[in-house]
1. Take the conditions in contact with a helix residue (DSSP H, G or I) (Cβ under 9 Å, 6 or more places away or on another chain) and not assigned by TED's automatic domain parsing to the domain that holds G185 and apply them to A105. Does it pass?
2. I want to confirm something. Restricting to region 203-227 and keeping residues that are assigned to a helix (DSSP H, G or I) and either touching a residue at least 60 places away in the same chain (Cβ under 8 Å) or hydrophobic (A, V, I, L, M, F, W, C) (or both), which single residue is surrounded by the most Cβ atoms within 10 Å (Cβ to Cβ)?
3. Step by step: first the residues of region 110-126, then only those that are hydrophobic (A, V, I, L, M, F, W, C) and in a loop (DSSP other than H, G, I, E, B), then the one that is farthest from I140 (Cα to Cα). Which residue is that?
4. Of all residues in region 150-179 being out of contact with any Phe, Trp or Tyr (no Cβ under 6 Å at 6 or more places or on another chain) and buried (at least 23 other Cβ atoms within 10 Å of the Cβ), which is nearest to E97 (Cα to Cα)?
5. Checking the condition part of a loop (DSSP other than H, G, I, E, B) and over 15 Å from V9 (Cβ atoms), which residue from I230, I200, I255, I189 passes?
6. Which condition from (1) over 30 Å from N155 (Cα atoms); (2) in a loop (DSSP other than H, G, I, E, B); (3) modelled with pLDDT of 95 or more is the one that G45 breaks?
7. Among (1) without any contact (Cβ under 8 Å) to a residue 40 or more places away in the chain; (2) buried (at least 18 other Cβ atoms within 10 Å of the Cβ), where does K131 come up short?
8. Kindly provide the set of residues from region 7-28 that are farther than 18 Å from A215 by Cβ, among the hydrophobic types (A, V, I, L, M, F, W, C) and in a helix (DSSP H, G or I), ordered by number.
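The values are calculated or read from the model by the stated rules, or taken from the named source; none is laboratory data. As the structure is a computational prediction, the values presented were derived from the model and not from experiment. Neighbour counts are summed over all protein chains in view; Cβ atoms, including those assigned to glycine, are modelled from backbone coordinates with ideal geometry.
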Amino acid sequence: MKKIFIFDVDNTLVDSKIGKVPFKTEELIKKLYQKDDVILGIATGRGPGNIEEIVSIIDYFDILILGNGSYVSYKKEMVFDSPFSCLHIKKVLDSAEKYNITIGATGKKTSALLKLTDNIYQLRKKEAIIKIDFFKNEPIYQLWGASKSEKDLNNFVNSLKFLDFYHWSLGGVDLVYPKVSKKNGVLKILEYLNTPYQLIAVGDGNNDIELIEMADIGIAMSNTKFPDLIKKAHLVAPHVGEDELYNFFLENSFI
């Protein structure tokens, strides 16, 4: 039986404090890749134009579930895609104007801001680029809103009845279409592969909870800010900053 390992990116594979994949975590991915019965996958809220932090390991992953499941591919073949429509993006921007929300977006190649306010926590340098119209020429797979004001952020998402959302740990939300999720992305892959499998999922975010619950073995990172993720998980892995994921996998006989 094949083992399918699905990894979140931020604060699971990538230590956000250093902005890269820790050394032993990279060695873990290489080790898993060498096993004949293993298929590796990524499931992240990031869109395809915003995965530079994992460029050193991206070629080890056959499964890409990006934009919280809006972009799903297997060995570079598209399995499912659900980009945001220009009409809906314009409605998001109208609501963002009303509630003073910063809006970011990622397409196939580009990651930039559609709207910037001063009511936001610090951005990475790449995310601070403003390209207000690029969504008109490129399919958008990731759309997010950010604000220091929880009240404004809640009013913003509640005004968007045609979208669902996943809260970040602080000051932001990922916007998604209903029924678009990491879990749904994995289900699309499993349907496509049509083979017996054991699913092992690893993550730390609010957008990982459904996937961790669905997995045969769900692994929560101990650095998660979401208690419900810990409750749903079968196992809890060490903090991403400790770079002990390799040893954790070894101790639990995954490698």
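1. Answer is yes for this residue.
2. Taking the candidates together, the pick is D208.
3. It comes out as I120.
4. Per the criteria, the residue is L153.
5. Of I230, I200, I255, I189, the one residue that is part of a loop (DSSP other than H, G, I, E, B) and over 15 Å from V9 (Cβ atoms) is I255.
6. Of the numbered conditions (1) over 30 Å from N155 (Cα atoms); (2) in a loop (DSSP other than H, G, I, E, B); (3) modelled with pLDDT of 95 or more, the odd one out for G45 is (1).
7. Single failed check for K131: (2).
8. Residue satisfying the conditions is F23 alone.
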